[in-house]
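Contents: one structure, followed by commentary.
The values are calculated or read from the model by the stated rules, or taken from the named source; none is laboratory data. Values in this document were obtained by computation on a predicted structure and should not be read as measured data. Note that we place each Cβ from the backbone using ideal geometry, even for glycine, and neighbour counts take in every protein chain shown.
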Amino acid sequence: MKLFRQHWLICGGTGCQAAGSIAVRDALKAEIQNQGLAEEIAVVETGCNGFCAMGPVAVVYPEGIFYVAIEVSDVPELVSEHMLKGRPVSRLFYKEPATKNVIPDMMDIPFFAHQKLIALKNRGILDAENIDEYIARDGYQALGKALTEMTPEQIIAEVKTSGLRGRGGAGFPTGLKWEFCQKSPGEIKYVLCNADEGDPGAFMDRSILEADPHSVVEGMTIAAKAIGANEGYVYCRAEYPLAVHRLQLAIDQAREYGLLGENILDSGFSFDLHIYQGAGAFVCGEETALMRSIEGKRGMPRPRPPFPAVAGLWNRPTVLNNVETWANIPQIIQKGGAWYASIGTEGSKGTKVFALTGHVNNIGLVEVPMGTSLRTIIYDIGGGIPKKHRKFKAVQLGGPSGGCVPEEHLDTLCDYEAIAKVGAIMGSGGMIVMDDSTCMVDMARFFMDFVQEESCGKCTPCREGTRRMLQILERIVEGEGQEGDIETLEELAAMIQTSSLCGLGQTGPNPVLSTLRYFRDEYEAHIRDKKCPAKSCVALLDFVVDEAKCKSCGLCFKNCPVSAITWEKKKPAHIDLSKCIKCKTCFENCKFDAIS
Amino acid sequence: MAKLKISDLAKIKDQVTQATSLREGGAQVKVTVHMGTCGIASGARNVLNAVMDELTKSGRKDIIVTTSGCMGLCSAEPLVTVEKAGAEPIKYSHMDDAKMRQVFNRHVLADEVQTQWVLAKGSEQ
């Protein structure tokens, strides 16, 4: 047996062959012949080495050197340097990821680069359970300033200058709200925080309370000084145990430091704060229902006026803002209203936090300056749609009170008025991205189901009307829609909107109306053709393989949980309808849209 | 704790900065496990336990381990930040018990950044 001084093992697996390993092997052999090394060096083709992503790959023994991504043009150098002179070609070495030094800077990552942090300024930086860390990041400085250097009028003027509007969804100017309350006569007043976050897909408030609870405590205490209140409540849903825990710790620690309680920071001003845990009824996010709930009554809205600024909790003048609004206050006081107003658009100042979720790569919490386009949020920050064969269809803003924004309006800017113009609302910041596998009728049905379940029952149009709307929508997705259903939906929606007392009923039909506005043809396809264009509604699907489109890849066969699909290599799949349980696993796995 | 006066805020700020800053003679490394609901749901508690365990084994006294809230990128949780004196903070994503132990032993103790799991370096502000 011939003894070689070097063995070159070239990978001949499918992956490396596709990358050109055969040509490299042949070139190596030819060059070895040329240089007269055929007696010394063996070139061997091996099976898959497993590192297909870096192919063609080669291992050289006895040194054990591992080359990656070899090209034919590299061959002369490999032969003359490594084989003849014994100097391995280091530029073709595999670089251990642990030593390769290309770490992107955080601010070069689009997810972070397009954000501007005000309400979330301390996110991921401080220990939420330690008040000292908040103080170390200039916490309670604004409170000190408000209590010792500013009059209530000055505080309110600063907030008015900032242009801050309610981040709970309605967008009422915060400074104005405080001013009304400050001018309302009364010895006893209250400051409340709405942490009853309930929109499906929204988690901004929870995250702020978990990451930076003191910013809310500080914001509320500043408002208390401005309106002349000595007591406040945070209404937080009991489903947020971690948020409640951290907020309670924050309140306890602030009390211990004398930042809550009697004579705060030696200023003579007193204010204390309590948490009231709500049982999770959606309607309790409505201000008058929230106050009734704190009073120990059943959470139902009452007619306004009188507005809470005049007669709120226990009929006393009350200011209620949501978590994100409060988190903005300390920095507005510290840096000035003009600084805050310099960010954003004409009518919407500062930043807005969105909970980005759904069919998008980077799910998470983003804070952007007002005036950022929805496209930037979804594509640059969110990283776009995860499945390559899917297309963007719409984004739902504002949860059950909001509406969807389709592709053609993606350049809409984050601005209360601009978003309202395209039929959605800024809302509290829920942003659910949907790709073209989402049926808009079914999406509307989902939100209507939510609204009818959460309707408190006080107003008949909301209680009964939402239920009728849901029935019609359920019928349509079941394939039993009738001519006239769309018109009935529109009629009911208009009636519920105009005759309900609170925001729940007034806005509840919005998801139906906005999907009708942009995707009316989908409703019509369901009703007239009994087809679901998004291939989402199970009752309207045949579960048949289109043999012309089927590429015989076998993915449906491999994923079917009940073995209802038969398939052989190079033959189209077939679904046995007697075994099929209509779970749609095959639909989700088919990359060629071949199942209908 | 006595009630604070305004001047005390600056004192606390100084104390905390003293205690937590990474500097000569003081703490050399700070490991932050991001523990919002998203982090905990994806396993941050196991990660924290792994750090604590490795810290005990190492016997080092100059390493601070702390927790913090959500960093925003919930889909990359559990996230961990490793800050070493004189170097930019490094954020690791999708951590678990085993990865955390490797990061601790090779990055925290041996200065070898485990780039394969790094999300980014630096900070947002």
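Here are the numbers for the structure shown:
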quantity	calculated
Condition met for A:Val234 (of a type outside the set (S, T, N, Q) and under 26 Å from B:Ser68 (Cβ atoms))	yes
Failed item, numbered, when A:Ala394 is tested on (1) of a type in the set (A, V, I, L, M); (2) more than 14 Å from every other protein chain (Cβ to nearest Cβ); (3) buried (at least 22 other Cβ atoms within 10 Å of the Cβ); (4) more than 20 Å from A:Met434 (Cβ to Cβ)	(4)
Some residue of region A:88-110 being modelled with pLDDT of 85 or more, closer than 30 Å to A:Pro213 by Cβ and more than 10 Å from every other protein chain (Cβ to nearest Cβ)	yes
Residue within region A:316-327 that is in a loop (DSSP other than H, G, I, E, B), hydrophobic (A, V, I, L, M, F, W, C) and within 16 Å of A:Arg165 (Cβ to Cβ) present	no
Filter pass, A:Val319 being in contact with a strand residue (DSSP E or B) (Cβ under 7 Å, 6 or more places away or on another chain) and either free of Cβ contacts under 8 Å to residues at least 24 places away in the same chain or within 14 Å of chain B (Cβ to nearest Cβ) (or both)	no
Identity of the residue in region A:231-263, more than 14 Å from chain B (Cβ to nearest Cβ) and assigned to a helix (DSSP H, G or I), that ends up farthest from B:Ala2 (Cα to Cα)	A:Gln248
Which listed residue is more than 22 Å from A:Asp442 (Cβ to Cβ) and not in a strand (DSSP E or B), from A:Lys582, A:Lys549	A:Lys549
Any pair with Cβ under 9 angstrom, 6 or more apart, that starts in region A:17-36 at a residue that is in contact (Cβ under 8 Å) with a residue 40 or more places away in the chain and of a type outside the set (A, V, I, L, M, F, W, C) and ends at one that is surrounded by fewer than 16 Cβ atoms within 10 Å (Cβ to Cβ) and in a loop (DSSP other than H, G, I, E, B)	A:Gly20/A:Glu71
Some residue of region A:472-484 being closer than 30 Å to A:Phe172 by Cα and either crowded, with 23+ Cβ neighbours inside 10 Å or of a type in the set (A, V, I, L, M) (or both)	no
Evaluation of A:Ile595 against (1) touching a residue at least 40 places away in the same chain (Cβ under 8 Å); (2) surrounded by fewer than 19 Cβ atoms within 10 Å (Cβ to Cβ) (one fails), failing number	(2)
Selected residue (only one of A:Pro533, A:Pro511 is modelled with pLDDT of 90 or more and part of a loop (DSSP other than H, G, I, E, B))	A:Pro533
Qualifying residue in region A:369-377 (condition: more than 30 Å from A:Gln506 (Cα to Cα) and surrounded by fewer than 24 Cβ atoms within 10 Å (Cβ to Cβ))	yes
Subset tally (residues that are of a type in the set (A, V, I, L, M) and within 13 Å of A:Ser596 (Cβ to Cβ)) for region A:544-572	3
Among the candidates A:Ala573, A:Ala539, residue that is among the hydrophobic types (A, V, I, L, M, F, W, C), surrounded by 15 or more Cβ atoms within 10 Å (Cβ to Cβ) and over 30 Å from A:Glu286 (Cα atoms)	A:Ala573
Extreme residue, nearest to the other protein chains (Cβ to nearest Cβ), among residues of region A:172-226 that are within 17 Å of A:Leu320 (Cβ to Cβ) and hydroxyl-bearing (Ser, Thr, Tyr)	A:Thr221
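Table: residues versus (1) assigned to a helix (DSSP H, G or I); (2) surrounded by fewer than 24 Cβ atoms within 10 Å (Cβ to Cβ).
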site	(1), (2)
A:Ala119	no, no
A:Glu179	yes, yes
A:Gly198	no, yes
A:Gly201	no, yes
A:Arg206	yes, no
A:Thr221	yes, no
A:Ala229	no, no
